[in-house]
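Asker: Have a look at this one.
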Amino acid sequence: MIIIGEKINGTRKKVAQAIASRNDDYIKELARNQFKAGAFHLDVNAGTLPAREPEDLVWLIEQTHLAAPEAIICLDSANPVALSAGLEKVKSYNPSKIMVNSLSGEKNRLDGVLPLAVKYDTELIVLALDDRGIPPTVEGRMAILRDLIQRCRDRGLNDEALYADPLVMTISTDTKAALVTLEAIKAFKEEYPNCHVTCGHSNVSFGMPLRSLVNQNFMALTIYAGLDSAITDPENRELRGAIMATEALLGQDRHCLRFNKAFRAKQIGPAPAEAL
């Protein structure tokens, strides 16, 4: 499972405050802790006003790289000016591995994001979304993803660099929402076995009680359907345990080595203080 750490995001109150005050220690701690927890991709999203975003995004990239120089930085922006500035900065650190989050079928992203992803030869997350919104059906989402994958292929991006996000909606407002996502994951992996599939899985539990329980079970189902990446909190011990247990049960962890190693390192299971 490829974990993309979600915490360096300016829509979070404490991150927004750190950006405004240039609290580099706070951002470095987020980057360092996520990388140590197994998120070797780190999503970086300034989330500030367009005029400020290029400068803020570059600053976040600098702090993230200083704290976790081996991490693959995932640039999360729909602003071509900010994205371009960010890509130049990341390229100066690690030209071989860059990720962009994300491309959709919306015209402004096709015009602004795709050319930059091609220019810098990045990994790229593609969303089952266009100017009409998120289709309610599996086939509707697949139609958008097919178009995006073909556009990426036509511009020279390899399947192995592409991460499809079929999009997760909350079951609190649509009890079939999770099922649609699961079926879309299956359909996509059957058609594009060399592409990755990712998602922001915690969206499924918005408005629900016991969100952690819902998220853990949904994660297991999505892995079984073909998910091999997730934008999530790598420091969530229960979720990390659910991921590793599911991979072991599905025969994706040879001799259960990763599961046992994580248990011995106290990365999964009861937290050390709770185990006493």
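Quick note: the coordinates plus some simple rules give every number you see, no bench work behind them. All figures in this text were calculated on a predicted structure; none of them were measured in a lab. So basically every Cβ, Gly included, is an ideal-geometry build from the backbone, and we count neighbours across all protein chains shown.
Asker: Find out how many positive minus negative residues lie around Pro54, taking Lys and Arg as positive, Asp and Glu as negative, among other residues whose Cβ is under 12 Å from that of Pro54.
Answerer: -2
Asker: A further question follows. So for the stretch 102-201, averaging the separation of alpha carbon pairs under 8 Å that are six or more residues apart and normalising by length, what relative contact order in percent results?
Answerer: Once divided by the residue count of the stretch 102-201, the mean separation gives 27 percent.
Asker: How large is ³J(HN,Hα), in whole Hz, for each residue of the stretch 151-168 in order, when computed from phi with the Karplus curve 6.51 cos²θ - 1.76 cosθ + 1.60 and θ = phi - 60°, using x for Gly and Pro?
Answerer: 4, 5, 4, 4, 9, x, 7, 7, 4, 4, 8, 9, 10, 7, 10, x, 6, 10
Asker: What is the antiparallel percent of DSSP beta bridges lying wholly in the chain, to the nearest 5?
Answerer: 5
Asker: Among the listed pairs Lys7/Lys107; Lys7/Lys36; Lys13/Lys36, give every one whose C-alpha distance is greater than 25 Å.
Answerer: In this structure, Lys7/Lys107 exceed 25 Å between Cα atoms.
Asker: Over what distance in Å are the Cα centres of the stretch 205-276 and the stretch 59-88 separated?
Answerer: Cα centroid of the stretch 205-276 versus Cα centroid of the stretch 59-88: 27 Å apart.
Asker: If I histogram all Cα-Cα distances within the stretch 1-111 using bins 5 Å wide from 0, what percent of pairs lands in each bin?
Answerer: 2, 14, 25, 25, 20, 9, 4, 0
Asker: Which value in Å is the Kirkwood Rh of the stretch 1-57 over different Cα pairs?
Answerer: 11.6
Asker: Could you pull out every one of the aspartates and glutamates with an alpha carbon less than 17 Å from that of Lys261, ignoring same-chain neighbours closer than 8 positions?
Answerer: Straight-distance partners of Lys261: Glu235, Glu238, Glu247, Asp253.
Asker: Under 16 Å Cα-Cα from Lys119, which lysines qualify once same-chain neighbours fewer than 8 residues away are excluded?
Answerer: Counting by Cα, and skipping residues close in sequence, Lys119 has these lysines nearby: Lys89, Lys91, Lys97.
Asker: Suppose we take every Cα in the stretch 88-158 and form the convex hull; what volume per residue is that in Å³?
Answerer: So the per-residue Cα hull volume is 81 Å³.
Asker: Would you mind telling me the antiparallel percentage of the DSSP bridges in the stretch 46-202, rounded to 5?
Answerer: Antiparallel bridges make up about 5 percent of those DSSP assigns within the stretch 46-202.
Asker: Moving on. Taking Lys176 as the anchor, which aspartates and glutamates have their alpha carbon closer than 17 Å to its alpha carbon, excluding any fewer than eight residues away along the same chain?
Answerer: Lys176 reaches Glu139.
Asker: Another question, if that's okay. How many nm separate the modelled label positions at Asp154 and Leu250, each set 7 Å beyond the Cα in the direction of the Cβ?
Answerer: Placing both labels 7 Å beyond Cα along the Cβ direction yields 3.2 nm.
Asker: Quick check for you: which residues of the stretch 189-204 have the amide N under 20 Å from the point 7 Å beyond the Cα of Glu139 toward its beta carbon?
Answerer: Of the residues in the stretch 189-204, 189-192 have backbone N under 20 Å from the label point off Glu139.
Asker: Let me ask something else. Once the chain is represented by equal point scatterers at the alpha-carbon sites, with solvent omitted, what log10 I(q)/I(0) does the Debye formula produce at q = 0.08, 0.10, 0.16 Å⁻¹?
Answerer: At q = 0.08, 0.10, 0.16 Å⁻¹ the computed log10 ratios are -0.32, -0.51, -1.36.
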